[in-house]
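What follows is one structure encoded as structure tokens, with my remarks underneath.
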Amino acid sequence: MEGQSFFSFLTEHLLHFYSNTGFSNFTWGHGIMIAIGLFFIYLAIAKEWEPMLLIPIGFGIIVGNIPFTEGFMVGIYEEGSVLNYLYFGVRYGVYPPLIFLGIGAMTDFSTLISNPKLILIGAAAQFGIFGAYALALALGFTGAEAGAIGIIGGADGPTAIFISSKLAPHLMGAIAISAYSYMALVPVLQPPIMRLLTTSKERVIRMKPPRTVTKLEKILFPIIGMLLTTFVVPSGLPLLGMLFFGNLLKESGVTRRLAETARGPLVDIVTILLGLTVGASTQATVFLNPSSVMIFGLGAASFILATTTGILFVKFMNLFLSTENKINPLIGNSGVSAVPDSARVSHHIGMEYDKSNYLLMHAMAPNVAGVIGSAVAAGILLSFLY
């Protein structure tokens, strides 16, 4: 009897142990998400597509989809768990403004200052956001959900997280993963659109070298830029204020240590926490649903529309510009705010048709304008949907 009692005791506890393992709680959904996480890591390492983002996000997806029994406080959605505490910065929009602070401290707005009309290209590319917003409404999403989905068209992950945390927290995982996925796929998705919408003659247009910008102009730009944009859309202040503050730290010349911290250790730490927790938020039991699939489709449509409108708007501008002032339409794709990847795509495609035509500096102007434009668009959406 004692042997049987011990055997029953051992069997019962082994079965209890097994019921709490990942093997017992594993579902096909967890398998799919883990495969997606591994694919992100593969793209980051083998293709070098946005490795600073895709490796934390890919690993986070794996972390978030290790099957577990609720009650042990390990899941990202379980109050009191470590992951849940780290996720606070995503859920309440803390991380995105800190990322924008770092972006501002990294960015040189000289080319935009020297040729201000290029800001219109960054503005034109934001039509992708409002186009996707209209499509999402047509597909049955609420106004707030549609606004959060539409921002994917800006190819700006931090802005997508910030606005979805305000308008549609329940869709944040799908929106964030979609936004960062399309940011990483810029070198794949944009070139076919650029070739389709431009002629061989347009692709070899040479633009005037940008003029030299004075230090005073560089210092005044973030101050004037913040005042102009935030007076129009005060709801964009957390993003726009931090972006221009970071740029002022860089350009002032007297806060070098602060600028280096903002664009170095600070942005690195926040990127790690943001990527890991965004990835972990794709827990299969919450993430895998028809809405997520629709969001990915709408995100693709939004991104394609943003790229298209940026290129077509350059062609429209050229109708009114003299020959020596014409703009190469290949930089129209860089109106999305995937900095600096979309500007690099402009440059590489241009080099295919004329190896001595350097478009990178010209493309950086609409590229950084796109960063400002996506934050302004987010503020506009928040102002009438929040």
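Quick note: the coordinates plus some simple rules give every number you see, no bench work behind them. It should be emphasised that the depicted structure is a prediction, and the values quoted were computed from it without experimental measurement. Glycine also receives a Cβ, built like all others from the backbone with ideal geometry; neighbour counts cover every protein chain displayed.
Pairs exceeding a 22 Å alpha-carbon distance, out of LYS117/LYS215; LYS218/LYS355; LYS215/LYS315; LYS218/LYS326; LYS201/LYS315; LYS201/LYS326: LYS218/LYS355; LYS215/LYS315; LYS218/LYS326. Derived scalar couplings between HN and Hα for segment 75-89 equal x, 5, 9, 8, 4, x, 6, 4, 4, 5, 5, 5, 6, 3, x Hz in order, rounded to whole Hz, by the Karplus curve 6.51 cos²θ - 1.76 cosθ + 1.60 (θ = phi - 60°), x for Gly and Pro. Each residue in VAL371, VAL186, VAL286 was given a count of other beta-carbon atoms within 10 angstrom of its own, and listing them fewest first yields VAL286, VAL186, VAL371. Roughly what angle does helix 267-280 make with the longest principal axis of the chain, taking Cα atoms, 0 to 90 degrees, to the nearest 10? Around 50 degrees separate the two axes.
Take the Cα of GLU217, step 7 Å toward its Cβ, do the same at ILE66, and the gap between the two points is 5.4 nm.
Note that segment 293-298 has calculated 3J(HN,Hα) couplings of 5, 5, 5, 4, x, 5 Hz, one per residue in order, obtained from phi through the Karplus relation 6.51 cos²θ - 1.76 cosθ + 1.60 (θ = phi - 60°); glycine and proline are x.
Taking the empirical scaling 2.2 N^0.38 Å for compact globular proteins as reference, segment 198-258 has a Cα radius of gyration ratio of 1.58.
Here the convex hull built on the C-alpha positions of segment 308-386 has a volume of 99 cubic angstrom per residue.
Candidates GLN190, GLY150, THR271 compared by Cα position along the dipole of segment 89-385: farthest toward the positive end lies GLN190, with charges placed on Cβ. Evaluating kT/(6 pi eta Rh) at 25 °C and 0.890 mPa s, with the Kirkwood radius of segment 89-385 over Cα pairs in the Stokes-Einstein relation, gives 129 µm² s⁻¹. The C-alpha atoms of the chain define a longest principal axis, and helix 341-353 lies at about 50 degrees to it.
About the centre of its Cα atoms, segment 89-385 shows a dipole size close to 560 debye [charges on the beta carbon of Lys, Arg (+1) and Asp, Glu (-1) only; nearest 20 debye].
The packing ranking of peptides 316-327, 264-275, 128-139, highest mean first, is 128-139, 264-275, 316-327, where packing means the average number of other beta carbon atoms within 10 angstrom of each residue.
Helix 95-106 and the longest principal axis of the Cα set of the chain meet at an angle near 40°. In straight-distance terms, cross-link reach from LYS166 covers every one of the aspartates and glutamates whose alpha-carbon lies under 12 Å from its own, apart from those fewer than eight places away in the same chain; here that gives GLU145.
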